[in-house]
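Everything on this sheet refers to the single structure shown next.
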Amino acid sequence: MLMLGKRENMIATIANPDIVWDMVVIGGGATGLGIALDAASRGFKTLLLEQADFAKGTSSRSTKLVHGGVRYLAQGNIALVREALKERGLLKKNAAHLVKNERFIIPIYDWWSGLVYTVGLTLYDLLAGALSFGRSYPISKKQTIDRLPTLQSKNLKGGVVYHDGQFDDARLAINLAQTCLEQGATLLNYFKVVGLLKKEGKICGVTVKDKINCKIYTIKSQVVINATGVFVDDIIQMDEPAKKPLVKSSQGIHIVLDKSFLPGLDAIMIPKTEDGRVLFIVPWHDKLLIGTTDTPLNSHSLEPTPLEEELSFVIRTAGKYLNKVPLRKDVKSIFAGLRPLAAPKEGSLKTKEISRSHKIMVSASGLITITGGKWTTYRLMAEDTVDKAIKIANLPKLKCVTKHLPIHGNKVVTDFSDHLNIYGTDKEAVLNLLNENTAWGEKLHARLPYLKAEVIWAVRNELALNIEDVLARRLRALFLDARAAIDMAPTVANLMAMELNMDKNWEDIQVTDFIHLAQGYLLMGS
């Protein structure tokens, strides 16, 4: 069945007033999708509602790392690192088509640092145990330059090599959504929760608005889970209007450059920048991703805006370590993401003081809220949340099965240079679309590898409903080369219109809206 038909069936299901769901999950990012998958795979009747597209927010805007967190090790948070390294290993096994073993090099400019990082990263490896990605070791100055030919060599003593995971965040989110459907869950993007239902002071469901046709639905549930990231307080205040905010947003930005700024397969980790943070320079989809920043904000949105001072910091810091210094005109795309962090104590604005571990809270009415965490530990966060939901709603004590549950598309990939390998076991089916129409084998843009067939696949099989869904998250064009994405928009709109049975007016509106959005990923004046 085509996904559009399946979506219509799912909408018909939520319109049935007699259905009582075991769990309603609000939020379609990493955390919400993980919870929906955990719940559905245990056998619970599960509904997930997302106000925009899956992974529209923070979950598509990460540094693309599946990692234990080297900086948490430096802070002495051994338990958090061990937990994340275990989850890193499980994710590599369960989504092998998306998670790769990436080799990182820390450039060393004084001997003492080399010793400290070698010892620390050896501990990092030991904490991973049997799920280790490879051992850490020091390398000479010559070896460092050979592997990182564009690295600044003045005062360079050598390097320390270590291994971590790299992945495509939005693609993993889409595959998680597909796995949820396969496990029997109902998932609807562009459905915004606008109210909570209560009976005798206890939450018993939600009111939700279909953002496409503006229809309102009333949905009953045994338990409601708030997994909306930086938007958790919006849902909490529907429950308790006077409640003080629980989270504070911290913004991180990334810039994307041409691969020529760091040829080869190795990534760079800069362990301490001028503001005390870590900066990564990572190969990603034949481009180079550099980030991130940590800027406290007092507001949040679905499309956060990079600040000029953040851009200057990233370019300036990268320029200290690369002998090919990036300029504004070299930036292919710039994007910002928001981290939902537990609110700091009064008077403190330092985001490094704010907890990154996840927290689960239950209100007097029974609303379950989960905050914090990161992509790497999404599965464990989900397990903890569903365990809590079972207890709160007095549901059957069914065991978690996600530790060894393959994610849709799971397939061992040895050649990540072929962009179609991100589809894993779906790759052949994507290519088989060319039997239906050979023109779909054409590239959408000369600078990017994407085919027209991938647009058709996204609509038919990956819940894509508009151009942004396709060019930002099913294909990563907007994040890799914003100008190319703008150029591709009319073609993508036309392909989607034919699949969705939309008219020329729909195409024109889609293109206009997308170009307006994409301007935020370009550096004006560059």
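The values are calculated or read from the model by the stated rules, or taken from the named source; none is laboratory data. As the structure is a computational prediction, the values presented were derived from the model and not from experiment. Heads up, the Cβs are rebuilt from the backbone with ideal geometry, glycines too, and the neighbour counts pull from every protein chain shown.
When Gly229 is tested against (1) over 30 Å from Arg103 (Cβ atoms); (2) of a type outside the set (A, V, I, L, M); (3) more than 23 Å from the chain's Cα centre (by Cα), just one condition goes unmet, and that condition is (3). Of all the listed residues (Leu156, Leu176), the sole one being aliphatic (A, V, I, L, M) and either within 23 Å of the chain's Cα centre (by Cα) or over 22 Å from Pro263 (Cβ atoms) (or both) is Leu176. State whether the residues of region 478-500 include one that is surrounded by fewer than 22 Cβ atoms within 10 Å (Cβ to Cβ), in contact with a Leu (Cβ under 6 Å, 6 or more places away or on another chain), closer than 23 Å to Ile253 by Cβ and not assigned by TED's automatic domain parsing to the domain that holds Leu181. There is at least one residue in region 478-500 that is surrounded by fewer than 22 Cβ atoms within 10 Å (Cβ to Cβ), in contact with a Leu (Cβ under 6 Å, 6 or more places away or on another chain), closer than 23 Å to Ile253 by Cβ and not assigned by TED's automatic domain parsing to the domain that holds Leu181. Evaluated against (1) crowded, with 23+ Cβ neighbours inside 10 Å; (2) touching a strand residue (DSSP E or B) at 6+ places or on another chain (Cβ under 7 Å); (3) hydrophobic (A, V, I, L, M, F, W, C), Val81 falls short on exactly one condition, (2). All conditions in (1) surrounded by fewer than 23 Cβ atoms within 10 Å (Cβ to Cβ); (2) of a type in the set (Val, Ile, Thr); (3) modelled with pLDDT of 95 or more hold for Val66, with the sole exception of (1).
Rundown of residues vs (1) outside the structural domain of Val362 (by TED's automatic domain parsing); (2) charged (D, E, K, R), yes/no style:
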| residue | (1), (2) |
| --- | --- |
| Ala227 | no, no |
| Glu240 | no, yes |
| His254 | yes, no |
| Ser260 | yes, no |
| Pro263 | yes, no |
| Asp286 | yes, yes |
| Thr295 | yes, no |
| Leu302 | yes, no |
| Ile315 | yes, no |
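Among the numbered conditions (1) part of a helix (DSSP H, G or I); (2) out of contact with any helix residue (DSSP H, G or I) (no Cβ under 8 Å at 6 or more places or on another chain), the only one that Met524 does not meet is (1). Taking region 9-35 as the range and being within 13 Å of the chain's Cα centre (by Cα) and either surrounded by fewer than 23 Cβ atoms within 10 Å (Cβ to Cβ) or assigned to a helix (DSSP H, G or I) (or both) as the test, the residues that pass are Ala30, Thr31, Gly32, Leu33, Gly34.
Anything in region 39-63 that is surrounded by 24 or more Cβ atoms within 10 Å (Cβ to Cβ), farther than 30 Å from Ile270 by Cβ and among the polar types (S, T, N, Q)? List them, or say none. Thr46 - this is the single residue of region 39-63 that is surrounded by 24 or more Cβ atoms within 10 Å (Cβ to Cβ), farther than 30 Å from Ile270 by Cβ and among the polar types (S, T, N, Q). Please go through region 499-521 and pick out each residue that is of a type in the set (S, T, N, Q) and assigned to a helix (DSSP H, G or I). Hits for region 499-521 are Asn505, Gln510, Thr512, Gln519. Against the test of being charged (D, E, K, R), in contact (Cβ under 8 Å) with a residue 24 or more places away in the chain, surrounded by fewer than 24 Cβ atoms within 10 Å (Cβ to Cβ) and not assigned by TED's automatic domain parsing to the domain that holds Gly28, the options Lys202, Lys157, Lys211, Lys220 yield a single qualifying residue, Lys157. Whether any residue in region 396-407 is of a type outside the set (Gly, Ala, Ser) and in contact with a strand residue (DSSP E or B) (Cβ under 8 Å, 6 or more places away or on another chain) is what I want to check. No, there is no match, as no residue in region 396-407 is of a type outside the set (Gly, Ala, Ser) and in contact with a strand residue (DSSP E or B) (Cβ under 8 Å, 6 or more places away or on another chain). May I ask you to say which residue of Leu188, Leu172 is in contact (Cβ under 8 Å) with a residue 60 or more places away in the chain, part of a helix (DSSP H, G or I) and crowded, with 17+ Cβ neighbours inside 10 Å? Within the list Leu188, Leu172, the selection yields Leu172.
Checked against the criterion of being within 30 Å of Leu126 (Cβ to Cβ), within 25 Å of the chain's Cα centre (by Cα) and assigned to a loop (DSSP other than H, G, I, E, B), region 160-168 contains one or more residues that satisfy it. When region 86-114 is filtered for residues that are assigned to a helix (DSSP H, G or I) and either at pLDDT below 95 or not aliphatic (A, V, I, L, M) (or both), the ones remaining, listed by number, are Lys86, Glu87, Arg88, Gly89, Lys92, Lys93, Asn94, Trp111, Trp112, Ser113, Gly114. When region 276-322 is examined, which residues are found to be over 27 Å from Ser260 (Cβ atoms), crowded, with 22+ Cβ neighbours inside 10 Å and among the small types (Gly, Ala, Ser)? Correct list: empty.
Taking every residue in region 510-523 that is under 10 Å from Ala489 (Cα atoms) and pairing it with any residue that is surrounded by 18 or more Cβ atoms within 10 Å (Cβ to Cβ) and of a type in the set (S, T, N, Q), at least 6 positions away or on another chain, the pairs with Cβ-Cβ distances below 7 Å are Gln510/Asn466.
Any residue that is assigned to a loop (DSSP other than H, G, I, E, B), modelled with pLDDT under 95, within 19 Å of the chain's Cα centre (by Cα) and under 30 Å from Ala95 (Cβ atoms) - is there at least one of those in region 333-354? Within region 333-354, none of the residues are assigned to a loop (DSSP other than H, G, I, E, B), modelled with pLDDT under 95, within 19 Å of the chain's Cα centre (by Cα) and under 30 Å from Ala95 (Cβ atoms). Residues that are buried (at least 23 other Cβ atoms within 10 Å of the Cβ) and in contact with a helix residue (DSSP H, G or I) (Cβ under 8 Å, 6 or more places away or on another chain) were ranked within region 223-248; the one that is farthest from Asp38 (Cα to Cα) is Val247.
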